[in-house]
1. Once both labels are modelled 7 Å past Cα along the beta-carbon direction, what's the Ile112-Thr17 spacing in nm?
2. Please sort 80-87, 20-27, 31-38 by packing, taking for each peptide the average over its residues of neighbouring beta carbons within 10 angstrom, highest first.
3. If each residue of separation counts as 0.36 nm, what is the full-extension length gain between Ser93 and Ala39 once their alpha-carbon separation is subtracted?
Amino acid sequence: MGPPPSGSSGWAAGGVTFAGVLLLVNGGLNILQGISAIAKDDVYTRVNDYVYRINLTGWGWILLILGAIAVVTGWGILKDAGWARITGIVLASLSMLFQFMFLPYAPIWSVILLAIDVFIIWALATYRPDRPR
């Protein structure tokens, strides 16, 4: 394996592949989380006095759609598609926002996914592939 592309650290060069895999996995987990919220509203505890209240079925659909798009984007990142890096940053940012709002329903799970999203954003934002001239 040669040196990392100019303009990016070795961590970012290897991290972008890992970010693609994480987006695939994170998307799959969001799909499963969304399906469980849609199929059985009683899987998660009810939170009555939370600022960001939404029906759990609504959360389920949001997570399901976001997860499906994340899986496609993760695949695009692994295939080195140019559109996938920016889309991945946007999706990880949205995922962070939605996981933050999902904190009272599954706090430990949401914090883990928040940390994964931070790494995805960092890896995709700092990676600078060599462009042919």
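No value in this document is a laboratory result; all are computed from the given coordinates. Remember, predicted model here, so these are calculated numbers, not experimental data. In this analysis, Cβ positions are derived from the backbone assuming ideal geometry, glycine residues included, and neighbour counts consider all displayed protein chains.
1. The modelled label-to-label distance comes out at 2.5 nm.
2. On the way: 80-87: 15.4, 20-27: 21.4, 31-38: 18.6.
So the order, starting with the most tightly packed, is 20-27, 31-38, 80-87.
3. Values: separation 54, 0.36 × 54 = 19.44 nm, distance 2.60 nm.
Value of the extension gain: 16.8 nm.
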